[in-house]
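The structure under discussion appears below in the form of structure tokens.
The values are calculated or read from the model by the stated rules, or taken from the named source; none is laboratory data. Being a predicted model, the structure only gives us computed values, none of them experimental. Neighbour counts are summed over all protein chains in view; Cβ atoms, including those assigned to glycine, are modelled from backbone coordinates with ideal geometry. Ligands, DNA and RNA are stripped out before the accessible areas are found, and what is left, the full protein with its side chains, is counted by its heavy atoms. Shrake-Rupley method; radii C 1.70, N 1.55, O 1.52, S 1.80 Å.
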Amino acid sequence: LGAERRARLPPGEMGWPLVGGMWAFLRAFKSGKPDAFIASFVRRFGRTGVYRSFMFSSPTVLVTTAEGCKQVLMDDDAFVTGWPKATVALVGPRSFVAMPHDEHRRIRKLTAAPINGFDALTGYLPFIDSTVTSSLRAWADHGGSVEFLTELRRMTFKIIVQIFLGGADQATTRALERSYTELNYGMRAMAINLPGFAYRGALRARRRLVAVLQGVLDERRAARAKGISGGGVDMMDRLIEAQDERGRRLDDDEIIDVLVMYLNAGHESSGHITMWATVFLQENPDMFARAKAEQEAIMRSIPSSQQGLTLRDFRKMEYLSQVIDETLRLVNISFVSFRQATRDVFVNGYLIPKGWKVQLWYRSVHMDPQVYPDPTKFDPSRWEGHSPRAGTFL
């Protein structure tokens, strides 16, 4: 970098050769005290909001303030996605984690309606409603204790597969679940591509997952060519049909990588956030009573002629929405994301050199007492009538 540029770097340390700050990072998360990692930088170097380290095999700047995160996320000229190569290899090179900005914007626009547009959500809701209801009944009839997270993961996987692939048969569902479980395990492992290591198994699992999805995609395209309709419309159908303003459609690789990406993001976050929201409500009886009363009032307002919940009912769940936002703030499934500087740029007065990776520490923002008073307290009421400043709720 040269002496002049080096002098303008954020405070921090690069750690051991090759390993860098990864041991301290992993130790903090394995200990159950994830905030200890950033806290060690604050303790040694002060509250500068940006720190340098060596993470995931790259020189990296850690950004820990709302203003810094907002600047990096909003500046599409100075920053592009910068996820570790291992993550890109598992999620897919045509997924959001690896796309240049213009392509990211095109694919996001194309997939927004098939995933959470009004028509799509209206179509998905009855199955979600019936699956959750039947799962709750099965747990209640079990007669003993159940492994709650395990059961939630099974339930959310069943929902996700139905949303993605509609009438997938049991063999396809089982093949997807086996491959997905192994892939997901490798996402949280060191990227060591040698026999016996989880990452190696995850790469194999991705190949199997892609093969299953490609098989379903081939069947759908063949059926369409013959004019055969499969009845209901699922996410794969919607992605096949999607086209941009220039008439361009998604190719097979794009559809598969988008499905793998959303499979991971939707399944993991849904299962874990549902678990934590339940735990927090269990620990706070007054909040539980208020959330329950809201649901009972909504149920009473549903006309007898209506089958199940509608989006209109869903949007009445104001207190439950506050509970979920507070759970997301406190637990923060996506605690960090990755960018890379395309040129020399300054954040909080410190230099981020061209080519360096940037880690945005969402968790540090959510646990900052200057942003959220008493941040370790579970308090859904903090969201009542509150619209968070840009960069403060990530």
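May I ask you to list the residues in region 32-57 that are open to solvent by 70 Å² or more (accessible area, probe 1.4 Å) and in a loop (DSSP other than H, G, I, E, B)? Lys33, Arg47, Phe56, Ser57 - these are the residues of region 32-57 that are open to solvent by 70 Å² or more (accessible area, probe 1.4 Å) and in a loop (DSSP other than H, G, I, E, B). Total residues in region 346-375 satisfying the condition of being touching a helix residue (DSSP H, G or I) at 6+ places or on another chain (Cβ under 9 Å), crowded, with 20+ Cβ neighbours inside 10 Å and under 17 Å from Gln71 (Cα atoms): the figure is 11. Residue count for region 1-18 under the criterion of being assigned to a loop (DSSP other than H, G, I, E, B), among the aliphatic types (A, V, I, L, M) and loosely packed, with under 12 Cβ neighbours inside 10 Å: the result is 2. Of the residues making up region 132-174, those that are outside any helix (DSSP H, G or I) and closer than 29 Å to Leu213 by Cα are Gly166, Gly167, Ala168, Asp169.
Screening the candidates Ala113, Ala86, Ala98 for the property of being of a type in the set (A, V, I, L, M, F, W, C), open to solvent by 50 Å² or more (accessible area, probe 1.4 Å) and either modelled with pLDDT under 95 or within 30 Å of Lys158 (Cα to Cα) (or both) yields one hit, Ala113. Picking from residues in region 157-204 that are of a type in the set (Lys, Arg) and modelled with pLDDT under 85, the one that is farthest from the chain's Cα centre (by Cα) is Arg174.
Contact annotation: residue pairs with Cβ atoms under 6 Å, 6 or more positions apart or on different chains, pairing a residue in region 285-310 that is farther than 16 Å from Thr133 by Cα with a partner that is of a type in the set (Ser, Thr, Tyr), are Arg290/Tyr319; Ala291/Tyr319; Glu294/Tyr319. The sole residue among Asp368, Asp344 that is in contact (Cβ under 8 Å) with a residue 12 or more places away in the chain, over 25 Å from His101 (Cβ atoms) and among the charged types (D, E, K, R) is Asp368. Take Gln243 and decide whether it is farther than 30 Å from Pro93 by Cα and of a type in the set (S, T, N, Q). No; evaluated as a whole, the condition is false for this residue. A single member of Val61, Val80 is open to solvent by less than 10 Å² (accessible area, probe 1.4 Å) and in contact with a Pro (Cβ under 8 Å, 6 or more places away or on another chain), and it is Val61. Listed conditions (1) more than 19 Å from Ile107 (Cα to Cα); (2) open to solvent by less than 80 Å² (accessible area, probe 1.4 Å); (3) basic (Lys, Arg) are all met by Arg221, apart from (2).
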